[in-house]
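Encoded as structure tokens, the structure appears first; notes follow it.
None of the figures in this text is laboratory data; all of them are computed from the coordinates on show. These numbers were taken from a predicted model, which means no experiment stands behind them. As a convention, Cβ positions derive from the backbone with ideal geometry for all residues, glycine included, and neighbour counts pool all protein chains shown.
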Amino acid sequence: MMTQTTAAVIWFAGLVGWCIIRYPFERRAKKVGVRRSLFDHRESALLALAVIGLFVIPAIYVLTGSPRTFDRPFIPAFAWLGIMPMIAALWLFRRSHADLGRNWSISLQVRDQHVLVKSGVYRLIRHPMYSSFFLLGVAQLLLLANWFAGLAGMIGAGILYACRVGREEQMMLESFGDEYRSYMARTRRIIPWII
């Protein structure tokens, strides 16, 4: 039986899964040298906004029930549907990290001996981690019966994507030139064959 508590536990399990997936890649990334970094105050603020939207605001809601003024009726069918994008988000998040391997970084960085990854999920989309964030936001919206907490994830992911992807692609064009231009021509940014 799906209840609000069950839906909140599923959301929390997704958060724990996200952290478990990220941890080993973050540890390994610290051991790989960086050739070029665009990490600055803007980048730091964008990452913070994404974390606030995808984790902090919904966690406050799950733990305290605040802000109640934005509560919506709990619909078990929505919560059941929320499980699918949560699983898809975690799978895509894990797969994109694994496909990038030693090239992964939390910020806009080009690693020493960086190669352009065009296989795995990167064969179809250039930015699968953003896709996973949007899927996580959809799951959050469906699982949490509060408009503020539910939409915060989509807004956080949307701001991160809108303010970062152009800069990221420019960095890749400067690093890989025609190889990246060719890759851009045959892939989409976040949804295969569409966007």
Taking amide hydrogens as modeled 1.01 Å from N in the peptide plane, which residues meet the under 5 Å criterion relative to Asn146, leaving out close sequence neighbours? Arg72
For the stretch 8-70, listing trypsin sites (Lys or Arg not before Pro) in a DSSP loop whose Cβ sees at most 11 other Cβ atoms within 10 Å gives Lys30, Lys31
Expressed as an acute angle from 0 to 90° and rounded to the nearest 10, what is the orientation of the C-alpha long axis of helix 41-51 relative to the principal long axis of the chain? 40
Using 0.36 nm per residue of separation minus the Cα-Cα distance, give me the extension gain between Ile60 and Met184 in nm, one decimal. 40.7 nm
Relative to the first principal axis of the alpha-carbon coordinates of the chain, what is the inclination of helix 4-29, with its axis defined by its Cα atoms, in degrees from 0 to 90 and to the nearest 10? 20
Once you place label points 7 Å from the Cα toward the Cβ at Ile191 and Lys30, how far apart are they in nm? 3.8
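Expected output is a single nm value to one decimal: the length gained when fully extending between Val51 and Ile20, i.e. 0.36 nm times separation in residues minus the C-alpha distance. What is it?
Extra length from Val51 to Ile20 when fully extended: 9.6 nm.
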With a ≥ b ≥ c taken as the square roots of the eigenvalues of the C-alpha gyration tensor of the stretch 43-138, please select rounded if a/c is under 1.5 and otherwise prolate if a/b is larger than b/c or oblate if it is not? oblate
Could you work out [θ]222 nm for the chain from helices alone, using -39500 (n - 2.57) per DSSP H run of at least four and dividing by all its residues? Round to the nearest 500 deg cm²/dmol. -21500 deg cm²/dmol
Can you work out the FRET efficiency for the pair Ser119 and Ile75, with r the C-beta to C-beta distance and R0 = 35 Å, to the nearest 0.05? 0.30
Compute the signed sum of charges (Lys and Arg +1, Asp and Glu -1) over the other residues within less than 10 Å, Cβ to Cβ, of Gln113. +2
Would you work out if the stretch 1-46 is rounded, prolate or oblate? Take a ≥ b ≥ c from the square roots of the eigenvalues of the alpha-carbon gyration tensor; rounded if a/c is under 1.5, else prolate when a/b is larger than b/c, oblate otherwise. oblate
Does the stretch 83-195 come out rounded, prolate or oblate by the C-alpha gyration tensor, with a ≥ b ≥ c the root eigenvalues, rounded set by a/c under 1.5 and, if not, prolate when a/b is larger than b/c and oblate if not? prolate
Amide H to amide H under 5 Å from Arg36: which residues, 5+ apart in sequence or cross-chain, H placed 1.01 Å off N in plane? Val110
Please determine, in degrees from 0 to 90 and to the nearest 10, the orientation of helix 76-100 with respect to the longest principal axis defined by the Cα atoms of the chain, where the helix direction is its Cα long axis. 20
Along the stretch 53-70, what does the Karplus equation 6.51 cos²θ - 1.76 cosθ + 1.60 (θ = phi - 60°) give for ³J(HN,Hα), rounded to whole Hz, x for Gly and Pro? x, 8, 10, 5, 4, x, 5, 4, 5, 4, 7, 10, x, 9, x, 5, 5, 9
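I'd like the FRET efficiency for Leu38 and Met1, computed as 1/(1 + (r/R0)^6) with the beta carbon distance as r and R0 of 45 Å, rounded to 0.05.
The pair Leu38/Met1 has a calculated efficiency of 0.40.
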Rg(Cα)/(2.2 N^0.38 Å) for the chain, N = residue count: 1.07
Centre separation in Å (Cα based) which lies between the stretch 122-191 and the stretch 1-54: 14
